[in-house]
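Chemist: One structure follows; several queries about it will come next.
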Amino acid sequence: MKKKLKKYAPLILIILGVLYLLFAPKYGFIHIVSEGRKKSHLEREIKQLNVEILLLEKKIERLKSDDKYIEKMIREQLNMIKHGEKIYKNGK
């Protein structure tokens with residue numbers, strides 16, 4: 001029995017080492033792959049948020065300087081009309 005154990009000891013150690021490399025909590029291959037996916041997802045989210053920031057900055061600049069744009073936003077978002085205007089609704 002001891003001879004078999006000695007014979008298979010290196011193989012068992014190698015298998016345990018490989019399993020450790022795969023499943024180790026912070027440094028295992030599976031953890032590293034999972035963290036890489038999280039990083040990629042966060043990078044995509046950052047890019048989307050940067051685009052959104054640029055669009056909002058442009059909107060702010062227009063709201064500061066473009067009176068027609070301000071009027072359009074007021075009409076669309078607050079459903080306001082000018083004095084004397086009439087609203088026609090479609091009967092659908």
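Chemist: Check the straight Cα-Cα distances from K26 and name the lysines below 28 Å, setting aside those fewer than 8 residues away within the same chain.
Modeler: Within the straight-line cut-off, K26 pairs with K38, K39, K47.
Chemist: Return the label of the correct value of Cα extents along the principal axes in Å, as calculated from the structure shown, out of [x] 40, 31, 18; [y] 103, 37, 13; [z] 51, 39, 24.
Modeler: Only one option fits the structure, namely [y].
Chemist: K82 to R37: extension gain in nm, 0.36 nm per residue of separation minus the Cα-Cα distance?
Modeler: Values: separation 45, 0.36 × 45 = 16.20 nm, distance 5.28 nm.
Full extension of this stretch gives 10.9 nm more.
Chemist: In the range 52-92, which GluC sites (Glu not before Pro) fall in coil by DSSP and have 13 or fewer other Cβ atoms within 10 Å?
Modeler: When the GluC sites (Glu not before Pro) of the range 52-92 are filtered for loop state and at most 13 Cβ neighbours within 10 Å, E85 remain.
Chemist: Please list, in chain and number order, the residues 5+ apart from A24 or on another chain whose amide H is under 5 Å from its amide H, with Hs placed from the backbone.
Modeler: F29
Chemist: What trypsin sites (Lys or Arg not before Pro) in the range 47-82 are in a loop by DSSP, with at most 14 other Cβ atoms within 10 Å of the Cβ?
Modeler: Details: sites: K47, K58, K59, R62, K64, K68, K72, R75, K82; in loops: K82.
Counting only loop positions with at most 14 other Cβ atoms within 10 Å, the trypsin sites (Lys or Arg not before Pro) in the range 47-82 are K82.
Chemist: Then there's this: Place a +1 charge on the Cβ of each Lys and Arg in the range 2-78 and a -1 charge on the Cβ of each Asp and Glu, then give the dipole magnitude about the Cα centre in debye, rounded to the nearest 20. Let's see the in-between values first.
Modeler: Details: 18 positive and 10 negative charges, 245 e Å.
With only Lys, Arg, Asp and Glu charged at Cβ, the dipole is about 1180 debye.
Chemist: Next question, about the same structure. Which FRET efficiency value, to the nearest 0.05, is calculated for Q48 and I74 with the Förster distance at 25 angstrom and r the Cβ-Cβ distance?
Modeler: Numbers: r = 28 Å, r/R0 = 1.14.
It comes to 0.30.
Chemist: Please enumerate, by chain and number, the lysines with C-alpha under 20 Å from the C-alpha of K7, excluding those fewer than 8 residues away in the same chain.
Modeler: Within the straight-line limit of under 20 Å, K7 reaches no lysines at all.
Chemist: Okay, moving on. Taking the chain as the reference, fit the longest principal axis to its C-alpha atoms, fit the long axis of helix 29-65 to the helix C-alpha atoms, and give the angle between the two in degrees, 0 to 90, nearest 10.
Modeler: Value to nearest ten degrees: 10.
Chemist: Right, something else. Please list, or write none, the lysines whose alpha carbon is within less than 24 Å of the alpha carbon of K86, excluding same-chain residues fewer than 8 places away.
Modeler: K68, K72
Chemist: Expressed as an acute angle from 0 to 90° and rounded to the nearest 10, what is the orientation of the C-alpha long axis of helix 2-23 relative to the principal long axis of the chain?
Modeler: Taking Cα atoms only, the helix is inclined about 10 degrees.
Chemist: Give, in nm to one decimal, the length gained when the segment between I30 and K6 is fully stretched (0.36 nm per residue of separation minus the Cα-Cα distance).
Modeler: On the way: separation 24, 0.36 × 24 = 8.64 nm, distance 3.08 nm.
Computed gain between I30 and K6 is 5.6 nm.
Every read-out reported here was derived from the displayed coordinates using simple, explicitly stated rules and does not represent laboratory data. Everything quoted here is computed from the prediction, not taken from an experiment. No Cβ is skipped: glycine too gets one built from the backbone with ideal geometry, and neighbour counts run over all protein chains shown.
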